[in-house]
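The values are calculated or read from the model by the stated rules, or taken from the named source; none is laboratory data. The shown structure was predicted, so the numbers you read here are calculated from the model rather than taken from an experiment. Quick reminder, even Gly has a Cβ in these numbers, built from the backbone with ideal geometry, and neighbours come from all protein chains shown.
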Amino acid sequence: MTHPPRRVPRRMTRRIGLDWDDRAHWGGGRRLPCHLCGRLAFLRDEQGRPCHKTCAETALTQIPADSIDGRYAA
């Protein structure tokens, strides 16, 4: 009797949703290369660098949870 292959559990991932409704994240209609992926982006991150919201959310999931401060709490 053979057993079916053992399923490898999927890696647990955190979901982070940033609230970028503040006008400070709008780049004024000027598209600049995202500092994370290089594609053109209208938005700016907290430091004013061009960035897509989804790129910022994905980057934050790569940071250990204990090093993220309260500003990014989901």
Within region 22-62, residues being in contact with a strand residue (DSSP E or B) (Cβ under 9 Å, 6 or more places away or on another chain), assigned to a helix (DSSP H, G or I) and either in contact (Cβ under 8 Å) with a residue 60 or more places away in the chain or not basic (Lys, Arg) (or both) number 4
Which of (1) surrounded by fewer than 10 Cβ atoms within 10 Å (Cβ to Cβ); (2) at pLDDT 85 or above; (3) under 22 Å from residue 63 (Cβ atoms) does residue 37 not meet, given it meets every other one?
(1)
Any residue at all in region 12-19 that is of a type in the set (A, V, I, L, M), at pLDDT 85 or above and not in a loop (DSSP other than H, G, I, E, B)?
no
